[in-house]
Amino acid sequence: MSTKEIIKSQYQASLEMLREAVIQCPDSLWNNPEDKNQFWQVVYHTLFYAHLYLQPSEQDFVPWAKNRKRYHRLEEEGEPYRKEEILEYFEVCRVQVEEQVPSLELEAPSGFEWLPFNKLELQFYNIRHIQHHTGELCERLGVVADIEVQWIGTKPE
């Protein structure tokens, strides 16, 4: 398996684990006012940055059609996205993985001036960010609702 195929596999596995957390999230946790950052906010933030960092550069980024300005910042409050909308955004991100990763120049600069490393490291950084928030949300599901999200090790078939 090539490096780019491995990258795609790990992106898709990470996104699938996050998607499973969304699917299993009870309505009572989706927009729980007791949480500093609501479940939906953390998911949207994660997908926004996954989508952004899959682009060649910040200038190439075209936000999702249902993007709401500043919602990618965790401290922003507003009308929550519905699960159905978030699941649509997952599909956008999955397609971006399949379209963008094959054309990566892994030794090229990240394309984002605030990330001073190459495209290969950017992919690890992005996947780690997805998994960081997925772990946070899985922990929340486990502690609050006794729900376990299964580990997904490679790209789902």
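So how many Lys-Lys pairs in the stretch 1-109 land under 22 Å Cα to Cα, not counting same-chain pairs under 8 apart? Taking the stretch 1-109 as the scope, the lysine pair count is 4. Spacing of the modelled spin labels on Thr154 and Glu136, each 7 Å from Cα toward Cβ, amounts to 3.0 nm. Each peptide among 42-55, 141-154 gets the average number of other Cβ atoms lying within 10 Å of its residues, and from highest to lowest they stand as 42-55, 141-154. Please state the shape class of the stretch 61-122: rounded when a/c is under 1.5, otherwise prolate if a/b exceeds b/c and oblate if not, all from the C-alpha gyration tensor. The shape class here is oblate.
Within the shell defined by Cβ-Cβ distances under 11 Å, the residues around Glu148 carry a net charge of -3, with Lys and Arg each +1 and Asp and Glu each -1. Once the Cα-Cα distance is subtracted from the 0.36 nm per residue extended length, the Ile147 to Gln59 segment shows a gain of 27.7 nm. Each peptide in 89-95, 101-107 gets a packing score, the mean of other Cβ atoms within 10 Å over its residues, and the list from highest to lowest is 89-95, 101-107.
Note on the chain: semi-axes of the ellipsoid equivalent to its C-alpha gyration tensor, largest first and rounded to whole Å, are 26, 18, 13.
Taking Lys and Arg as +1 and Asp and Glu as -1, the other residues whose beta-carbon sits under 12 Å from that of Thr134 total -1.
Taking amide hydrogens as placed 1.01 Å from N in the peptide plane, the amide H of Ile147 sits under 5 Å from those of Gly142, each at least 5 positions away in sequence or on another chain.
Just so you know, all these numbers are worked out from the coordinates, no wet-lab data involved. What you see is a predicted model, and the numbers here were worked out from it, not measured in a lab. Don't worry about glycine lacking a Cβ; one is built from the backbone with ideal geometry, like all the others, and counts go over all protein chains shown.
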